[in-house]
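First up is the structure itself, then whatever we jot down about it.
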Amino acid sequence: VNAADPLPTPVQALTGTRPALGRPRPWPYDPECSQLVVIDHTSVPGVPEILRRVQVESERGMRRVRTSALFPAAAEVFAEAGFHPIDVLTLLEIDLSTSRATSASSNAHRTRRLRSSEFAAAADLDRRAFGDPWGNDAAALADICSATPWHRARAVSVRAARRLAGFCLDGRAGQIGYVQRLAVDPACRRQGVGRALIDDALAWMRRRGAIRAMVNTGEHNAAALALYESIGFRRRAEQLTIMQLDLPAT
Ligand SMILES: CC(C)(COP(=O)(O)OP(=O)(O)OC[C@H]1O[C@@H](n2cnc3c(N)ncnc32)[C@H](O)[C@@H]1OP(=O)(O)O)[C@@H](O)C(=O)NCCC(=O)NCCS
């Protein structure tokens with residue numbers, strides 16, 4: 001899921017001529033699938049704009065088109081254009097001004113910078129952590145980093161093997177922080193790696209003046225929901241949807 005980029009603003013219909021969809025992105029590890037990304041969460045594409053994009057993707061030989069995570073108003077329009085939901089995400093947020101920071105010394109794991117030269121290894125971990133078709137490749141991880149004006153990429157290593165145990169990509173736009181991607185190697189779970197990475201992310205956001213942090217995760221992802229709620233995130237009422245349209249062979 002690439003689209004942990006929700007803005008908590010109400011979505012409004014787009015009335016001008018400005019396109020609401022960005023350039024289609026390749027879906028990682030699936031050469032016959034592309035992703036339509038709603039660039040701005042304050043706008044909703046119209047059905048004609050969606051269908052024009054679908055037509056182009058079909059002519060390029062794509063067999064399916066998936067969306068980024070959509071707020072309800074955008075999801076409704078994609079449904080009108082023939083798309084069906086393939087994943088529903090719960091949106092959570094934490095108030096950074098009232099919630100308490102965790103001290104670094106109480107974490108069992110030290111975090112460090114995730115270098116861009118490690119994105120291939122991180123992508124490999126990401127794919128094992130999320131499973132197909134949700135794993136990111138290195139290019140998608142780099143895209144996630146550039147989705148917000150500021151970002152931070154952190155890792156925890158398995159000390160002896162110097163292998164990645166987990167990583168977290170975080171973003172910040174103004175006073176809102178976003179946990180964009182968190183993945184822990186299945187062999188390293190329930191050892192506090194995920195918590196250390198989130199504590200580190202929230203501490204960075206607080207230091208930089210963020211007042212609120214947001215994250216989304218699959219509505220049935222019990223491990224992630226338990227982790228975020230144990231830290232103080234609260235579920236928001238609205239859910240996000242990822243949708244798909246299957247295309248006939250041309
Ligand atoms: C979600 C995930 C990041 C958790 O990482 P982790 O390193 O295993 O988590 P931690 O060991 O730090 O766990 C911290 C707390 O989260 C909760 N938790 C974690 N895994 C859990 C599980 N499988 N079931 C229930 N609660 C769980 C617990 O409250 C846990 O505290 P405890 O161990 O003291 O009970 C990991 O399972 C993962 O990578 N999953 C696949 C990818 C994913 O879902 N990413 C995040 C969503 S976008």
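Listing for the model above:
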read-out: Distance in nm between pseudo-label sites at Q191 and V158 (7 Å out along the Cβ direction from Cα); value: 0.7 nm
read-out: Inter-label distance, nm, simple model (7 Å from Cα along the C-beta direction), R236/S99; value: 1.3 nm
read-out: At R0 = 35 Å, FRET efficiency that the Cβ-Cβ distance of R110 and S146 yields, to 0.05; value: 0.85
read-out: Spherically averaged projected area of the chain from its Cα convex hull (nm²); value: 13.5 nm²
read-out: Estimated FRET transfer efficiency (A139, V88; beta-carbon r; R0 25 Å; 0.05); value: 0.45
read-out: Sites E80 and A222, calculated FRET efficiency, Cβ-Cβ separation with R0 25 Å, nearest 0.05; value: 0.15
read-out: More than 11 Å apart - percent of Cα-Cα pairs taken over the range 26-71; value: 67 percent
read-out: Mean-position separation - Cα centroids, the range 183-221 and the range 48-77, in angstrom; value: 30 Å
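All of the numbers you see were taken from the coordinates with simple rules; none came from a lab. All figures in this text were calculated on a predicted structure; none of them were measured in a lab. Virtual Cβ from ideal backbone geometry, glycine too; neighbours counted across all protein chains shown.
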